[in-house]
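The values are calculated or read from the model by the stated rules, or taken from the named source; none is laboratory data. Note that the structure is a prediction, hence the values are computed from the model and not measured. Glycine gets a Cβ as well: all are built from the backbone with ideal geometry, and neighbour counts include every protein chain shown.
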Amino acid sequence: MSKNNKLTFFIFLALVLGVGLGYYLNVSSFKDYNENIAKSETQLKNVEVKLLSVKDTTVQQYAELKTQKVVATKARAEAEKVREKALEPLTLLSDIFLRLIKMIVAPLVFSTLVVGVAKVGDIKAVGRIGGKTMLWFMSASLLSLILGMIMVNIFEPGLAMNLPLPPANADTGIHKVALSMKDFISHIVPKSMTEAMATNEILQIVVFSLFFGVATAAIGEKGQIIIKFFDAVAHVILKVTGYVMNFAPFAVFGAMAAIVAKQGLSVLSTYAIFIGEFYGSMFLLWVVLILIGWTILKGRVFNLMNRMKEPVLLAFSTASSEAAYPKTMLQLERFGCKDKIVSFVLPLGYSFNLDGSMLYMTFASLFIAQSYGIHLSFEQQITMLLILMLTSKGIAGVPRASLVVIAGTIATFNIPEAGLALLIGIDPLLDMGRSATNVVGNSIATAVVSKWEGELTEPLD
């Protein structure tokens, strides 16, 4: 068994063992924690329903119910805090790994992108590759959004679930993002490279790296020193990545054990229809992307997917596309993509080509509308799709980014934001599929652009 296959095996083994331990903890020591939280949530929902029935907000009953709501909310928060404290030994493993990955990603993107752009040469070449890259990204995003819209209309999971809905004024804890061009531009253009590196704002790092790389190429012979330096830095960071990746199985074990201990396997049965239909749609997206890749890459697309097993499994297990970034970059270069293309396309993909997240946004938004019995016309659905296309770009670094965008979008169509409460409980499970799909989409995009540029060589191993 090769070193790569060993790591993949241990990650998969850790995933299975993590689910096993999580289930044991869920039915034993975490049963009381979950019952206390469920009891608090039931009390809170009852109080909110009673509040809605009180028409006169000046009466004594309304004041008493408001007090009861505060007490119930505090009780739920305390119960969740106790459960999170008990989960700390498990979540600590994945937290350490993800922090180590975040430590690597910013310098890796900067060093490789500067070298990649400098090797590409003049601004015209950068523009040509950038144009082809963005053409693929926009097309893939649109495809994912449309597929999500089609599948949710075929399956209609909101009608099938028949779940009790939260009150319209319920607080989901998700703050919607405003559709503001100023905010969008501010998120793209860095005011400080140091700040962008410190906060892992990948898109801002990409923008600075593009300027730096083009300027390095423009000064000619003197720029060779810079290129050699950053090339060496990139190799050092990739070596560090190798050390960090040895910790991946422990992180996967902790992440899976924590999520199953918290949610339990019962969440799978409660939401089985929705989860099954979402993952079915996600699998269909994989098939479509691979077929499109096959038309350009021919049989090599299957070799690419075989090489992506480990990054995909890692992204799925940790519910983080970022965690798979270094390994994805390494596997693409071994596949035959030139480093200058990989280091240019892949970082951009993490902001502009999140295919799994795109599909989820239309699927989840229309699911919430169906759950409330709100009918959206074809024109309204197309409008929603276009809004999601715009608002979803460049916010990959925001926690729960997909839910944040959905919250802002559904409000535009008078769909109660409280419907997000239907998704929050299972969002970590759905995020695993989204993250894995994002890795698949970005790997195919990088390989395709390499082929278009005539920079796809034979595999290194």
Tabulated pairs, region 305-331, first touching a residue at least 24 places away in the same chain (Cβ under 8 Å), second crowded, with 23+ Cβ neighbours inside 10 Å and of a type in the set (K, R), C-beta under 7 angstrom, 6+ apart or interchain: E310/K327; P311/K327; L314/K327
Residue selected from region 1-44 under the condition among the β-branched types (V, I, T) and under 23 Å from the mean Cα position of the chain (by Cα), by the criterion farthest from A257 (Cα to Cα): T8
Residue that is modelled with the highest pLDDT [pool: residues in region 302-347 that are among the hydrophobic types (A, V, I, L, M, F, W, C), surrounded by fewer than 22 Cβ atoms within 10 Å (Cβ to Cβ) and more than 15 Å from A436 (Cβ to Cβ)]: F302
Matching residues in region 339-398 - criterion: being under 12 Å from the mean Cα position of the chain (by Cα) and of a type in the set (D, E, K, R): D355
Residue count for region 338-393, restricted to those that are β-branched (V, I, T), farther than 30 Å from V105 by Cβ and in contact with a Ser or Thr (Cβ under 9 Å, 6 or more places away or on another chain): 1
Within region 190-223, tally of residues that are in a helix (DSSP H, G or I), surrounded by 14 or more Cβ atoms within 10 Å (Cβ to Cβ) and of a type in the set (S, T, N, Q): 3
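Every residue, every condition in (1) outside any helix (DSSP H, G or I); (2) aliphatic (A, V, I, L, M), yes or no:
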residue	(1), (2)
L13	no, yes
S29	yes, no
E48	no, no
K69	no, no
Residue match in region 33-47 (condition: closer than 21 Å to L422 by Cα, crowded, with 17+ Cβ neighbours inside 10 Å, in contact with an Asp or Glu (Cβ under 8 Å, 6 or more places away or on another chain) and not hydroxyl-bearing (S, T, Y)): yes
Segments classed as helices (runs of 4 or more DSSP H), wholly inside region 228-301, with at least 2 members that are free of Cβ contacts under 8 Å to residues at least 12 places away in the same chain: 266-270, 272-297
Region 342-355, residues that are out of contact with any Asp or Glu (no Cβ under 8 Å at 6 or more places or on another chain) and not small (G, A, S): F344, V345, L346, P347, L348, F352, N353, L354, D355
Residue within region 369-378 that is assigned to a helix (DSSP H, G or I) and touching an Asp or Glu at 6+ places or on another chain (Cβ under 9 Å) present: yes
Options V54, V49, V27: the member that is at pLDDT below 80 and either under 23 Å from A75 (Cα atoms) or in contact with a Lys or Arg (Cβ under 7 Å, 6 or more places away or on another chain) (or both): V49
Some residue of region 349-360 being at pLDDT 80 or above, in a loop (DSSP other than H, G, I, E, B), over 30 Å from V115 (Cβ atoms) and of a type in the set (S, T, N, Q): no
Single unsatisfied condition, Y62 versus (1) surrounded by 14 or more Cβ atoms within 10 Å (Cβ to Cβ); (2) in contact (Cβ under 8 Å) with a residue 12 or more places away in the chain: (2)
Matching residues, region 318-341, being touching an Asp or Glu at 6+ places or on another chain (Cβ under 7 Å), assigned to a helix (DSSP H, G or I) and farther than 20 Å from V120 by Cα: K327
